[in-house]
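For reference, the structure discussed in these notes is given below.
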Amino acid sequence: MFIAKIVGSLVSTQKVDSMIGQKLLLIEPYRLNEERTAMKTTGRTLVAVDTVGAGENEFVLIVQGSSARNTPETKSLPVDATIIGIVDSLHVDKQKVIL
Amino acid sequence: MFIAKIVGSLVSTQKVDSMIGQKLLLIEPYRLNEERTAMKTTGRTLVAVDTVGAGENEFVLIVQGSSARNTPETKSLPVDATIIGIVDSLHVDKQKVIL
Amino acid sequence: MFIAKIVGSLVSTQKVDSMIGQKLLLIEPYRLNEERTAMKTTGRTLVAVDTVGAGENEFVLIVQGSSARNTPETKSLPVDATIIGIVDSLHVDKQKVIL
Amino acid sequence: MFIAKIVGSLVSTQKVDSMIGQKLLLIEPYRLNEERTAMKTTGRTLVAVDTVGAGENEFVLIVQGSSARNTPETKSLPVDATIIGIVDSLHVDKQKVIL
Amino acid sequence: MFIAKIVGSLVSTQKVDSMIGQKLLLIEPYRLNEERTAMKTTGRTLVAVDTVGAGENEFVLIVQGSSARNTPETKSLPVDATIIGIVDSLHVDKQKVIL
């Protein structure tokens, strides 16, 4: 899994039937900076489905691949990235990482 | 999933039987620019099958891996990338992203 | 999927039983150049099994991951990359791409 | 699989039900230095579930993808990275690699 | 699949039960040099299980992902990379590639 920030959303009217009603969010994978004190963007842009009610600018936990279908909401969907949790805090060496 | 632009198409006569009649499109994964105001190419080139009737120069949503087989049209195909939607618009901080 | 050029072959006598008799080819993933007029190598080297009778210096279509097992010839093999078609031509903006 | 160092942990209260009670750890994939005498970070940050009781600053073995569900503890979880062992030592040319 | 060189080994006593007795090897993916006359390291470090009796400094063929479980020895293991053959020789333009 990896940590990402929700940076936006996507509108698609012409799509696969099973995806109708799914919330699609633009996410950017983040990583620790060199000092491991804060998170910084990797600059990549992906799209994930949301199952936990996450909102813009929140940090979330993303699962990829076939495991992205391992939630009750996504099990028959053509998705390869699912938000499975909202990140409250990250800790390195007992210090809180800046999000 | 990720966002890609359809940049071309591919002709292949000698191929696996199950792929006969499948529309194969050349796509380029795109990502947000640093200001998150527009999409720009990653420079990579991939091939995806189309299930939604997408056309050249359109931005589409791509699913990869085993989930690419999770649509009625692709379920028994040897494919690892499927177009599952046409992107109408992307939004970051309530602003429309330039496509 | 992605487009690759067949650049060579591999000989392995000591191998998993199910792979005996499989043709293993050295491939290089290719991508469009910046003008999208020709294909150029990515510099990476992979190995794929051939199911369509492709030969050295040909451009082929490669499927990766679990879908690489979705052909009659590869379904029980330990393979993650299969050649599923020979590329006749690529087209961008109604122009033929130089292979 | 790859070798990673556990650098921290993650707290998430709002998450998929099946993930309640799972220990989520921040990990950094490591690789050999050019002389193959010590391990160094790749600078990437991932999140893995722990099944072996690993702790911060330990080097661990990570399995990714669908195989991350191939342990008794993870088999029905939406996870794509699992710690399957704690690394005691690495050896290159009969020399111990510095961890 | 890809070609890798076995550069070392890994000792792990505290691990998932199903991995007890499995030989774990440190591998480096290799690729062709620009002239396609010799193989050179990519600098990455991975870990694979061995099913063919390969030894240090040998070049081997690696399968990744769910297909890594498609051998009799690995089918129920939490592994994502398996050695499926020892490379005897590589050929480009009818010339032997230097290993």
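None of the figures in this text is laboratory data; all of them are computed from the coordinates on show. Not measured: the values here are computed from a predicted model. Glycine also receives a Cβ, built like all others from the backbone with ideal geometry; neighbour counts cover every protein chain displayed.
Here are some notes:
- Part-to-part distance (alpha-carbon centres) for segment A:31-58 and segment C:1-18, which is given in Å: 38
- Magnitude of the charge dipole, the protein assembly as shown, Cβ model with Lys/Arg +1 and Asp/Glu -1, debye to 20: 80
- When you restrict to C-alpha pairs under 8 Å that are six or more residues apart and normalise by the size of chain E, the relative contact order lands at 29 percent.
- Size of charge dipole - segment B:32-88 - debye, nearest 20, with Cβ of Lys, Arg +1 and Asp, Glu -1, no other charges: 220
- Chain D, dipole about Cα centre (Lys/Arg Cβ +1, Asp/Glu Cβ -1), debye to the nearest 20: 120
- When C:Asn57 is represented by a point 7 angstrom out along its Cα-to-C-beta vector, the spacings to that point in the other copies are 3.7, 3.7, 6.0, 6.0 nm, nearest first.
- Label point 7 Å beyond Cα along the C-beta direction, distances from E:Lys40 to other copies (nm, shortest first): 1.7, 1.7, 2.8, 2.8
- Where labels lie 7 Å past Cα in the beta-carbon direction, separation of E:Asp88 and B:Ala38 in nm: 5.6
- Calculated over the protein assembly as shown, the projected area of the Cα convex hull averaged across directions stands at 21.6 nm².
- Isotropic mean projected area of the C-alpha convex hull, segment B:2-96 (nm²): 6.6
- Links that overshoot a 20 Å alpha carbon limit, given the list D:Lys5/E:Lys5; B:Lys23/C:Lys23; D:Lys5/D:Lys96; D:Lys94/E:Lys23; A:Lys94/D:Lys75: D:Lys5/E:Lys5; B:Lys23/C:Lys23; A:Lys94/D:Lys75
- Phi-based couplings in Hz for segment E:85-99 (Karplus 6.51, -1.76, 1.60; Gly and Pro marked x): x, 9, 7, 7, 7, 10, 10, 10, 6, 6, 9, 6, 7, 6, 9
- Projecting the Cα atoms of B:Asn33, B:Val16, B:Ile6 onto the charge dipole of segment B:2-96, computed from C-beta unit charges around the Cα centre, puts B:Asn33 farthest toward the positive end.
- Residue-level result for chain D: its Cβ closest to the axis carrying D onto E, with that distance in Å, is D:Ser66, 4.
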